[in-house]
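Report on the structure given below.
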Amino acid sequence: MAESLTALQRNRIHRALSRPNLLMGADRELVLLTGLAAVILIFVVLTVYSALFGTAVWVLIVGLLRTMAKVDPLMRQVYIRHVSYRPYYKATSSRWRRH
C-alpha cells in the first residue's frame, strides 16, 4: 500500500496537442492572410510584373513570419492580448468595498 502512494503516476501528453498551429513554419492565419493578399494583387492587376511582385512580397513576408515564429510561436496572440490592455489602471480596491 505504501509503495503505491509514493509511486508517481505518468500520463502521456501528445505533442500534437501542445504544439502551436503553424503552416510552413509560421503562424497559420498570417501565412494564409498574406497569401490571399498576394493572390488578390496578382489577379487584380494581371500583369507579369504584378505576379513577380506578388510572389516576391509573399516569399519575403513568409520569411519574416518564420523568423518571428522561431522567436515565439505565439507572438501574434501575445501582441493581440497586449493591445487589449489599458495603458493605465487606477489603484483602487474592490468595487464591493464598503465606504
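Every number in this text was worked out from the coordinates using simple rules, so none of it is lab data. Being a predicted model, the structure only gives us computed values, none of them experimental. Virtual Cβ from ideal backbone geometry, glycine too; neighbours counted across all protein chains shown.
Cut-off 10 angstrom, C-alpha nodes, Gaussian network model of the chain. Which of V57, V31, V44 fluctuates the most?
Per the Cα network of the chain with a 10 Å cutoff, V44 tops the list.
Residues in region 57-99, backbone N under 18 Å from the label point at V45 (7 Å along the Cα-to-beta-carbon vector): list them, ranges by number please.
Label zone hits: 57-62.
Determine the equivalent ellipsoid of region 42-99 by diagonalising the alpha-carbon gyration tensor, then write out the semi-axes as square roots of 5 times the eigenvalues, largest first, rounded to whole Å. Present the calculation step by step, with values, prior to reporting the outcome.
Details: eigenvalues 432, 48, 10 Å².
So the three semi-axes of region 42-99 are 46, 16, 7 Å.
I need the P(r) histogram for the chain: all alpha carbon pairs, bin width 10 Å from 0 out to the longest distance, whole percents.
Going out from 0 Å in 10 Å bins, the chain shows 12, 23, 20, 16, 16, 8, 4, 1 percent.
I want to verify a result. In a Gaussian network model of the chain, Cα cutoff 10 Å, which of these has the top mean-square fluctuation: R76, R28, R15?
Taking springs between Cα atoms under 10 Å, the residue moving most is R15.
Please check: in the Gaussian network model of the chain (C-alpha springs, under 10 Å), which one of Y88, Y49, Y79 has the largest mean-square fluctuation.
Checking each option, the largest mean-square fluctuation is seen for Y88.
Rounded to the nearest 20 debye, what is the charge dipole size of the chain about its Cα centre when +1 sits on each Lys and Arg Cβ and -1 on each Asp and Glu Cβ?
700 debye
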